[in-house]
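The values are calculated or read from the model by the stated rules, or taken from the named source; none is laboratory data. No experiment lies behind these values; they were computed from the predicted model shown. Every residue, glycine among them, receives a Cβ derived from its backbone with ideal geometry; neighbour counts consider all protein chains shown. Side chains included, ligands, DNA and RNA excluded: accessible areas come from the protein's heavy atoms. Shrake-Rupley method; radii C 1.70, N 1.55, O 1.52, S 1.80 Å.
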Amino acid sequence: KELFIGALRIDLNANETPLFFTNMANCYRKKRTSGGMHSGWLPICANKYMERLIRIIRPKIVIVLGRSAFEALHCMEGLLVKCIDPVKSGKESYVEMIQHRYQIELDNEKIEVFPVFHPGANSQMNRTFDQQLDDWKRIANHYEKVKQNDKRTDA
């Protein structure tokens with residue numbers, strides 16, 4: 001919540017911005033449990049649900065929390081997630097990956113994809129809150145453009 005407020009200036013309690021949250025691994029749980037997730041299940045779940053979900057929802061921005069989820073997004077068979085930066089070695093650490101811009105092209109529409117660290121309980125082991133806030137501020141610029149375009153479309 002602090003990342004949304006601090007970086008994107010979105011008040012999650014205001015219900016004024018259409019947001020959709022889902023889990024990349026939404027196919028592995030049989031009951032309301034947490035934990036016990038294996039990263040190998042993520043590509044299976046991405047192919048089974050996420051690709052169809054993106055086609056239905058048609059988001060303007062996808063924020064992917066964590067490296068395993070981001071790598072699973074690349075495994076979707078029906079949609080291509082590609083790096084649109086001119087230089088990319090292909091062997092980056094996740095810290096380097098989150099500095100690049102990615103897109104999914106869907107029926108001539110471009111969906112921006114932003115990988116960030118998962119802000120869970122252990123997140124501070126990988127990245128301080130201030131570093132995470134800076135990561136999310138990268139998204140703020142694009143988010144502002146999307147809001148402006150939506151206002152012009154509504155007018």
>> Probe radius 1.4 Å, ligands and nucleic acids left out: which of Ile61, Ile111, Ile56 has the largest accessible area, and how do the rest follow?
In response: Ile56, Ile61, Ile111
>> In whole Hz and in residue order, list the ³J(HN,Hα) couplings for segment 131-148 that follow from phi through the Karplus curve 6.51 cos²θ - 1.76 cosθ + 1.60, θ = phi - 60°; x for Gly and Pro.
In response: 5, 5, 4, 4, 4, 6, 5, 4, 6, 4, 4, 5, 4, 4, 5, 4, 4, 5
>> For the pair Glu109/Cys75, report the inter-label distance in nm, with labels modelled 7 Å from Cα in the Cβ direction.
In response: 2.7
>> Give me, ordered by chain and number, the residues 5 or more places off Val64 or on other chains with an amide H under 5 Å from its own placed amide H.
In response: Phe114, Val116
> Calculated FRET efficiency, Ile57 and Lys1, Cβ-Cβ r, R0 30 Å, to nearest 0.05?
Replying inline: 0.90
> For Val116, Val146, what's the largest-to-smallest order of accessible area, 1.4 Å probe?
Replying inline: Val146, Val116
>> Just to verify a number: what accessible area does Ser39 come out at with the full protein assembly present, 1.4 Å probe, Å² rounded to tens?
In response: 60
> Does a label point 7 Å from the Cα of Asn23, set along Cα-to-beta-carbon, have any residues of segment 60-81 with amide nitrogen under 18 Å, and which are they?
Replying inline: 63-73
>> Quick query: amide H of Tyr102 versus all other amide H atoms, modeled in the peptide plane; which residues come in under 5 Å with a sequence gap of 5 or more or a different chain?
In response: Ile84, Val113
>> Leaving ligands and nucleic acids out of the surface, order Phe20, Phe129, Phe114 by accessible area at 1.4 Å, largest first.
In response: Phe20, Phe129, Phe114
